[in-house]
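Remarks on the structure that follows.
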Amino acid sequence: MTTLSLFPLLLLPLVIIITTTLTIPSPAEARGGQWQLLQNNIGVVGMHMQLLHNDRVIIFDRTDFGLSNLSLSNGRCRNNPQEQVVKNDCTAHSLEYDVVSNTFRPLFIQTNVWCSSGSVSPNGTLIQTGGFNDGDRTVRTFNPCPNCDWQEFNAGLAARRWYATNHMLPDGRQIIIGGRRQFNYEFYPKKDATAKNIYSLPFLVQTNDAGAENNLYPFVFLNVDGNLFIFANNRAILFDYNNNNVVKTYPSIPGGEPRNYPSTGSAVLLPLRNLQKVSVEAEVMICGGAPKGSFQKTLQGSFIGALNTCARIKITDPNPNWVMETMPGGRVMSDMLLLPNGDVLLINGAAMGSAGWESGRNPILNPFLYKPNGVNGSRFQLQNPSSIPRMYHSTAVLLRDGRVLVAGSNPHIDYKFGNVLFPTELRLEAFSPSYLEAGSDDLRPTLVFPVPQSQTKLKYGQKLKVRFQIKAKLVKNLVSVTMLAPSFNTHSFSMNQRLLVLDEVKPTNKVSSKIVVGKSALVYQVEVTIPSSPILAPPGYYLLFVVHQEIPSQGVWVQLL
């Protein structure tokens with residue numbers, strides 16, 4: 001959105017809000033999954049979330065909502081003469097959530113992180129970039145340790161970054177692409193102090209819709225050839241960021257409807273398999289969004305039904321084409337998460353309107369589960385609903401134990417808890433997919449090695465012997481080992497999300513029993529090959545899972561160097 005189109009949205013008449021009727025989808029056909037309320041009030045809107053390798057989740061919103069419901073510790077206050085709302089603020093706008101203990105502590109942020117982006121460096125430090133006002137060129141880092149807090153570096157970016165997308169690169173740097181009125185990209189950190197650090201990207205000019213933009217938070221994935229797949233609005237390119245060159249232009253998505261903010265759909269790179277082949281196949285899937293013109297119509301009090309289509313494209317094909325599918329219903333502002341077994345979860349969002357303040361209607365309470373390897377037309381399953389609408393500024397991240405942490409929803413200015421259609425949402429909940437049901441306990445693997453607490457360091461191309469226990473009879477050809485890179489989630493896109501299915505290297509490609517332990521479980525071993533290149537798996541922390549009959553173990557942290 002341009003500046004002129006953003007602020008009328010902020011001033012949308014309240015009468016539209018209070019006269020709109022909320023409808024909730026029927027759960028009659030829902031099956032699978034359970035919801036659990038974890039915290040009734042964390043004090044901060046979950047606009048951004050990132051899981052770190054100490055099983056803590058960093059959550060933050062923005063500094064110009066006004067006073068949050070979480071006080072800073074030790075009488076600390078934030079004094080900022082550049083702040084537009086509260087210049088002396090003793091409340092927190094970020095927190096660290098401890099998954100294991102289900103507790104949280106406030107964190108201190110000085111500059112405004114509204115609609116920012118981020119990724120985790122190879123050593124596990126969260127590097128967070130940009131925002132609004134005094135924060136638009138700031139770089140912030142958070143090092144996982146018991147009492148650590150944010151560190152901020154003003155003017156760390158070469159350009160203002162607001163609604164940009166970050167992605168980790170094979171050399172350990174991150175690329176930061178786009179943002180409002182920024183048709184370019186840059187790297188952090190720079191290779192050297194004298195390096196140029198703003199590079200033009202005309203594709204972002206070409207995909208910019210007047211009055212709505214529809215190309216913010218572009219979907220970016222590292223392809224298996226080392227180039228970047230970049231999708232914005234309704235088009236995509238394969239981009240050589242090293243030489244600032246478009247390698248390939250993909251066909252426009254069928255129908256030509258926009259899929260990026262504020263017509264906010266979501267996207268994933270589907271699981272990467274057969275990683276030892278000379279040519280590895282990569283496929284992207286994009287779901288939901290809002291038809292062209294939806295955002296502008298919300299300014300007039302009209303809310304159009306969200307798109308109910310998904311599109312898949314094999315980005316490594318010589319002549320790629322989109323293949324369309326239909327979801328059980330339309331979704332806008334939904335999050336797409338890769339689960340450890342390779343399924344995709346669509347969660348949060350609305351059935352009408354667009355992203356933006358007061359711009360969504362009809363919350364979608366039921367997640368959709370998508371099975372990528374199923375038959376086209378029968379890949380979606382409707383899951384059991386939450387009772388909490390999750391609209392604009394909602395988030396979701398996968399946890400090590402296989403649950404999905406869900407937070408946020410603040411579809412209006414400030415912290416408002418009454419006299420609005422969708423109050424500011426401070427509750428924190430978890431969705432447990434059906435693979436966590438008690439009936440699957442005997443099928444669920446338990447990892448023995450790598451040791452869960454060890455955070456084993458792995459090298460590219462090494463052979464890894466993975467040992468696990470299962471109480472039930474093992475189905476040897478239904479065992480896999482997966483590695484998942486946790487993502488930075490905001491505005492319906494999970495940056496850096498990546499799932500790799502590791503190749504077995506035993507000649508028989510079978511899992512073999514090794515040791516009898518007690519009377520209730522066997523220990524099994526399978527030897528797998530770690531990806532051979534940082535192009536397939538950028539360096540950093542991953543969650544490693546064993547999956548048996550689509551039931552994953554708890555993950556263990558490993559570090560790929």
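The values are calculated or read from the model by the stated rules, or taken from the named source; none is laboratory data. Because the structure is predicted, anything quoted here is derived from the model rather than measured. Neighbour counts run over all protein chains shown; Cβ positions are idealised from the backbone, glycine included. Surface accessibility is based on the protein's heavy atoms, side chains included, excluding ligands, DNA and RNA. Shrake-Rupley method; radii C 1.70, N 1.55, O 1.52, S 1.80 Å.
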Taking the Cβ-Cβ separation of residue 190 and residue 123 as r and a Förster radius of 22 Å, what is the calculated FRET efficiency to the nearest 0.05?
-> 0.80
Cysteines (scope the chain) whose Cβ has no counterpart Cys Cβ under 4.7 Å | 115
Segment residue 152-residue 73, extension gain: residue separation times 0.36 nm, minus the distance between their alpha carbons = 26.6 nm
Two-site label geometry, residue 319 and residue 478: point separation in nm, points 7 Å out along Cα→Cβ = 3.9 nm
Per residue, accessible area of the chain with a 1.4 Å probe, heavy atoms of protein chains only, in Å², comes to 36 Å²
Here are some pairs, 191/457; 371/457; 277/463; 248/371; which of them have Cα atoms lying more than 20 Å apart in this structure?
-> 191/457; 371/457; 248/371
Relative packing of 69-77, 205-213, which averages over residues the other C-beta atoms within 10 Å, highest first | 205-213, 69-77
Sorted peptide list for 278-291, 127-140, criterion being average Cβ within 10 angstrom, highest first | 127-140, 278-291
Difference of contour (0.36 nm per residue) and Cα-Cα distance, residue 441 to residue 88 = 121.9 nm
